[in-house]
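Encoded as structure tokens, the structure appears first; notes follow it.
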Amino acid sequence: LTKKIADILELDLSSPVEKVHGIGGKIDAIPSKVKIRFETAHKIYTYTIPIYVVTDESVDFPMILGRKGFFEHFKIMFDESNEKIIVKPVNG
């Protein structure tokens with residue numbers, strides 16, 4: 001996440017800065033956590049997932065949902081021919 005979004009969400013940024021690796025290479029970031037809510041037609045899922053907040057405020061990029069804290073709870077299938085993403089809980 002960007003620092004601007006982290007400030008809006010009032011995230012805890014008290015952890016020490018770490019070097020993280022991403023698509024663009026290494027960057028300084030602060031580890032934190034955010035609660036997400038994911039809804040299907042039949043159930044609501046709420047998870048607290050780990051995130052990194054980039055400390056360089058001049059860096060602007062889209063948010064990316066990572067795998068940790070989310071993907072391990074679901075079987076995720078990409079059905080390209082029908083332009084669908086199918087998300088099913090691993091347990092149930």
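The values are calculated or read from the model by the stated rules, or taken from the named source; none is laboratory data. Predicted model only: the values in this text are computed from it and were never measured. FYI the Cβ positions are ideal-geometry reconstructions off the backbone, even for glycines, and counts take in every protein chain you see. Surface accessibility is based on the protein's heavy atoms, side chains included, excluding ligands, DNA and RNA. Shrake-Rupley method; radii C 1.70, N 1.55, O 1.52, S 1.80 Å.
Can you send over the carbon and sulfur percentage of the accessible area for the chain, probe radius 1.4 Å, protein chains only?
C and S fraction of accessible area: 53 percent.
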Query raised in the report: Count the lysine pairs in the chain that are 8 or more places apart or on different chains: how many have C-alpha atoms under 17 angstrom apart?
Result: 14
Requested in this report: Place +1 on the Cβ of every Lys and Arg and -1 on the Cβ of every Asp and Glu in the chain, take the dipole about the Cα centre, and give the residue among 1, 16, 47 whose Cα lies farthest towards its positive end.
Outcome: 47
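Across the stretch 32-75, how large is the tail of the calculated P(r) beyond 15 Å, expressed as a percent of all Cα pairs?
52
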Query raised in the report: Tell me, what is the 1.4 Å probe accessible area of residue 18, in Å² to the nearest 10?
Result: 80
Report task. Grab the Cα-Cα distance for residue 88 and residue 58, subtract it from 0.36 nm times how many residues apart they are, and report the gain in nm with one decimal. Result -> 7.0 nm
**Report entry** the chain: calculated mean residue ellipticity at 222 nm from DSSP helix runs of at least 4, using -39500 (n - 2.57)
**Finding:** -2000 deg cm²/dmol
Report summary line: Between residue 8 and residue 80, the two model label points (7 Å from Cα along the beta-carbon direction) sit apart by a distance in nm of 3.2
Report task. Please list the non-local residues whose amide H lies under 5 Å from the amide H of residue 51, H modeled 1.01 Å from N, same-chain partners needing a gap of 5 or more. Result -> 32, 33, 34
Query - Dmax and Rg, reported as Rg then Dmax, of the chain (C-alpha, Å) - result: 15.4, 45
